[in-house]
Amino acid sequence: MTATWSTWQAEPELMVDADLVAAKLGELGKRIDRVRTHVPRDERALGADPDALDLVSFNLLLCVQAALDVGSHIIAGIQRALRASVGVFVWLAVYNLILGLSLANAVFVDEMTMDNTDALDAKVDRLYARMADVDHDRQQELRELRERLDRILTRLPQA
């Protein structure tokens, strides 16, 4: 039997130490939380704050490391791991790296999108308020013009 990702999924007892993998996944979650904590609302602020940039970068690096550690422990626990090809390890490492980077990207994109959405919502609200004011003013002007026109028409001789 060749060791593959689907083999591990079907037989999770093949992992060397489930507690160790759970601990690494817990560490990964904590690191992601730390990234969320230190990512400023504005991407320019991140570039301007070297301390925040260092904290975010370092924690993202540790996220990738934890993801690679999980992959390594899973591979180490698969039966006949010595016969497993290097390709499986590389596949798992790349898969975990992509997963880690995708999570990091999602955090950044989510924060930036949320900021942009809030700013746009505020602008739209101001535009609606201004449009309501203009509409109210125009309605008042129309009423006044009707009243003037009615006064003028009442002064004209009847034919």
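Of the numbered conditions (1) surrounded by fewer than 12 Cβ atoms within 10 Å (Cβ to Cβ); (2) at pLDDT 85 or above, residue 58 satisfies every one except a single condition; which is it?
Residue 58 satisfies every listed condition except (1).
Of the residues in region 16-53, how many are among the acidic types (Asp, Glu), within 17 Å of the chain's Cα centre (by Cα) and at pLDDT 85 or above? Step through it out loud before you land on a result.
Within region 16-53, the subset among the acidic types (Asp, Glu) is 17, 19, 27, 33, 42-43, 49, 51.
Checking the rest, the ones that are also within 17 Å of the chain's Cα centre (by Cα) come to 33, 42-43.
This time we only want the ones that are at pLDDT 85 or above, so: 33.
So the answer is 1.
For (1) over 22 Å from residue 34 (Cα atoms); (2) surrounded by fewer than 12 Cβ atoms within 10 Å (Cβ to Cβ); (3) modelled with pLDDT of 85 or more, each residue gets a yes or a no:
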position: 89; (1), (2), (3): yes, no, no
position: 99; (1), (2), (3): no, no, no
position: 103; (1), (2), (3): no, no, no
position: 126; (1), (2), (3): yes, yes, yes
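The values are calculated or read from the model by the stated rules, or taken from the named source; none is laboratory data. All values derive from a computational prediction rather than experimental measurement. Here the Cβ is made from the backbone with ideal geometry for all residues, glycine too, and neighbour counts use every protein chain on show.
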